[in-house]
Every structure is written in structure tokens, then in C-alpha cells.
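Participant: Please read through the structure below; I'll follow up with questions.
The values are calculated or read from the model by the stated rules, or taken from the named source; none is laboratory data. Note that this is a predicted model, so its numbers are computed, not measured. Glycine gets a Cβ as well: all are built from the backbone with ideal geometry, and neighbour counts include every protein chain shown. These accessible areas exclude ligands, DNA and RNA; they are computed on the full protein's heavy atoms, side chains included. Shrake-Rupley method; radii C 1.70, N 1.55, O 1.52, S 1.80 Å.
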Amino acid sequence: MRILVVGGYGVGLSFFTARPPADGETISGARFSQEHGGKASNQAVGVARLGIPVSLLTAVGSDWYAHAAREMWAAEGVDASAVVTREGVTMVGAIIMDATGENRIILANGVLDQLSPADIGAHAAVFESADTVLISCEIPAASVARAITFGRAAGARVILNPAPVPRLPEHVLRQVDVITPNETEAVALLQMLEDDVAATELAALPPQEKAARIAQALECTVVLTHGAAGCYVCESGGRAEKIPAEKPRAVVDTTGAGDATNAALAAALTCGAEPVEAARFANCAGALTVEKEGVLPGIPSIDDLHTRFGAERCAVVLP
């Protein structure tokens with residue numbers, strides 16, 4: 001049993017302030033922290049902390065950030081043998097976190113933009129060894145497409161976290177088994193799939209309708225995340241079911257919630273859980289993540305989840 005995570009690694013430079021600056025405004029007195037980030041790396045750590053063997057395919061630069069990343073992956077138990085090194089700089093993201101816990105992020109992609117379809121192809125063996133391939137979209141769209149097709153060819157379950165939404169042909173998207181958009185990303189997907197429908201009309205659809213229309217168009221399972229409201233699960237040809245969120249004790253930092261949720265969903269599905277059951281478990285992971293400051297400190301282990309939510313809820317990821 002193994003999960004392969006494909007996508008981005010980067011360094012997060014976080015600024016904590018009472019409110020974000022307005023246009024042209026400078027705000028002093030912010031608190032600063034620096035930590036490992038990138039959706040794929042966060043998700044790989046999340047999978048490892050749930051006790052599932054995991055490999056990571058991403059690209060890093062020739063800088064000290066890359067060295068620190070490899071040390072972190074080794075400590076977390078993430079197999080980084082497929083991580084590509086390029087001359088240049090590792091991706092960096094700047095995060096502004098306000099007093100409500102909401103975040104705003106800007107990225108400088110660095111060498112991550114150089115992770116090519118050829119790099120994906122050079123690591124075919126790691127796809128062959130995976131039961132599930134979890135793909136996020138901080139890498140070039142052509143490389144996302146190659147990862148999807150390699151995962152499908154290897155007979156793995158392919159999960160696409162479309163953040164940000166890649167411009168991919170529909171025949172490539174239809175090779176995905178599970179797709180996990182938030183509501184904004186769901187609208188962007190529907191704009192690609194239903195280009196004859198006005199964007200305002202698509203945006204006005206209720207989330208369960210968005211999920212159902214994507215599931216029908218792509219003939220896949222949709223887990224549409226809806227923030228504090230939980231998520232909607234819809235299998236191809238079915239009706240969307242709302243899975244209520246677990247209530248966190250406090251909302252401190254929402255930055256890593258989506259990554260923890262995707263990691264837990266992939267882990268549960270890999271261990272044989274049905275989509276609704278897996279989504280309930282994933283909501284637990286997301287709720288725990290927002291209670292702590294920082295992404296990696298917040299991503300829960302299986303022991304954290306067991307302590308908080310009990311053995312029955314955690315049984316979905318026990319090998």
C-alpha cells in the first residue's frame with residue numbers, strides 16, 4: 001500500500017497581522033515565521049503522519065531551502081527519491097494572515113515551473129508502485145496531465161486537487177477517479193466543461209449542484225470542500241451528499257487545512273474506505289489542522305486524530 005503525491009514544494013514566509021494592508025499601505029508590527037510548504041509536500045507529510053507509505057515527486061532548486069526540505073522529508077518518513085533538483089531557486093510563497101485566521105498567498109514558482117512532462121516520465125517506476133496518485137496543480141499543466149495519464153496507466157486511483165485549476169483537455173480530466181475542488185475551483189472547472197453557460201449562472205449554483213454537474217461531466221467522484229460548512233460528496237450519476245464539518249476548538253490558521261484534508265481523504269480511500277466515509281475522516285483532519293499556527297505543526301498524526309475523535313473514526317486508515 002503506497003501513495004504517490006505529485007506537485008509542489010516551497011518555502012512559506014508568513015506575516016501575521018491584525019488586518020491585511022490596503023493598496024499602497026505599509027503596516028508595521030507584523031510577526032514573521034518561515035516554514036516548509038507547497039501543497040504536494042504538505043500532503044505527503046499528512047499521509048506519512050497517518051501511517052501510510054508515501055513518495056513525493058516535485059522539483060527543488062540548488063539552494064539551502066532544498067537541503068532543508070530533504071532533511072524534513074527524511075525526518076517525516078516521506079520517500080523523496082523522485083524529487084528533481086534543478087539549478088535555480090526553490091518555490092517561495094508569502095502568506096499574509098489576519099486576525100480572523102484568513103490568509104492571502106502569493107507565489108514565486110522558481111524551478112517548480114521547470115518540472116516537465118519528461119521529468120514525470122523519467123519516474124514511471126514510482127507510479128507503478130503506487131496504489132493512489134494524489135496530484136496538486138502548482139506544477140505546469142502539461143506535467144499535471146502527464147501525471148494523470150501515468151497514474152491511470154499504472155492502474156492507480158488518481159485524485160486531482162485542482163488548486164489552482166489547470167487548463168486541461170476534458171479527455172485528460174476524465175481519467176481522474178476523484179477530484180477535490182473548493183467552491184471557487186468548482187466554478188472554474190464548470191466554466192471549462194460548460195463553456196456555453198454564463199459564468200455568473202455557474203457561480204450562483206448551490207454547491208451540491210456544482211458537485212453533481214462536475215461528477216456527471218467527468219464520470220468521477222467529486223469531493224467539493226466548502227470551508228467551515230464541510231464538504232459535498234457526489235459520485236458519478238448520483239446525488240451530492242453533504243458531510244458536515246467537524247467543529248475546531250479554535251480557528252488559528254487555515255493555511256494547511258486543504259492539504260491535510262486531501263491527505264486524509266487519499267489515505268482513507270487507499271485503505272478501502274468509501275468516499276463518504278473517507279470524507280468524514282478528512283473533515284476531522286481539516287478541523288484539527290486549523291487549531292494550530294503553521295502548516296506542518298497543524299497537520300495531525302493518526303494518534304492526534306485517535307485521541308480527539310476516537311478509534312472508530314480512525315479505523316478507516318489503519319492498514
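Participant: Of all residues in the stretch 49-61, which are open to solvent by 20 Å² or more (accessible area, probe 1.4 Å) and either among the hydrophobic types (A, V, I, L, M, F, W, C) or in contact with a Lys or Arg (Cβ under 7 Å, 6 or more places away or on another chain) (or both)? Walk me through how you get there before you give the answer.
Facilitator: Kept after step one, since they are open to solvent by 20 Å² or more (accessible area, probe 1.4 Å), are these residues of the stretch 49-61: 49, 51, 53.
Listed by number, the list holds a single entry, Pro53.
Participant: Applying the selection to the stretch 111-142, what residues are touching a residue at least 24 places away in the same chain (Cβ under 8 Å), within 19 Å of Gly88 (Cα to Cα) and among the small types (Gly, Ala, Ser)?
Facilitator: Ser116
Participant: Restricting to the stretch 85-107, count the residues that are open to solvent by 60 Å² or more (accessible area, probe 1.4 Å), part of a strand (DSSP E or B) and either of a type in the set (A, V, I, L, M, F, W, C) or more than 26 Å from Phe32 (Cβ to Cβ) (or both).
Facilitator: Here the count works out to 4.
Participant: Out of the strands (runs of 3 or more DSSP E) lying entirely within the stretch 141-239, which hold 2 or more residues that are more than 20 Å from Phe127 (Cβ to Cβ)?
Facilitator: Correct list: 221-225, 231-234.
Participant: Would you call Ala163 of a type in the set (A, V, I, L, M), at pLDDT below 95 and surrounded by 17 or more Cβ atoms within 10 Å (Cβ to Cβ)?
Facilitator: yes
Participant: For the stretch 290-300, enumerate the residues that are part of a loop (DSSP other than H, G, I, E, B), under 13 Å from Asn42 (Cα atoms) and either touching an Asp or Glu at 6+ places or on another chain (Cβ under 6 Å) or not aliphatic (A, V, I, L, M) (or both).
Facilitator: Gly294, Pro300
So that you can scan it fast, the table gives a plain yes or no per residue for (1) surrounded by fewer than 24 Cβ atoms within 10 Å (Cβ to Cβ); (2) at pLDDT 95 or above; (3) under 21 Å from Thr289 (Cα atoms); (4) in contact with a helix residue (DSSP H, G or I) (Cβ under 9 Å, 6 or more places away or on another chain):
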site: Val5; (1), (2), (3), (4): no, yes, yes, yes
site: Phe16; (1), (2), (3), (4): yes, no, yes, no
site: Arg31; (1), (2), (3), (4): yes, no, yes, no
site: Gln34; (1), (2), (3), (4): yes, no, yes, no
site: Gly38; (1), (2), (3), (4): no, no, yes, yes
site: Trp64; (1), (2), (3), (4): yes, no, no, no
site: Ala68; (1), (2), (3), (4): yes, yes, no, no
site: Met72; (1), (2), (3), (4): yes, yes, yes, yes
site: Val83; (1), (2), (3), (4): yes, yes, no, yes
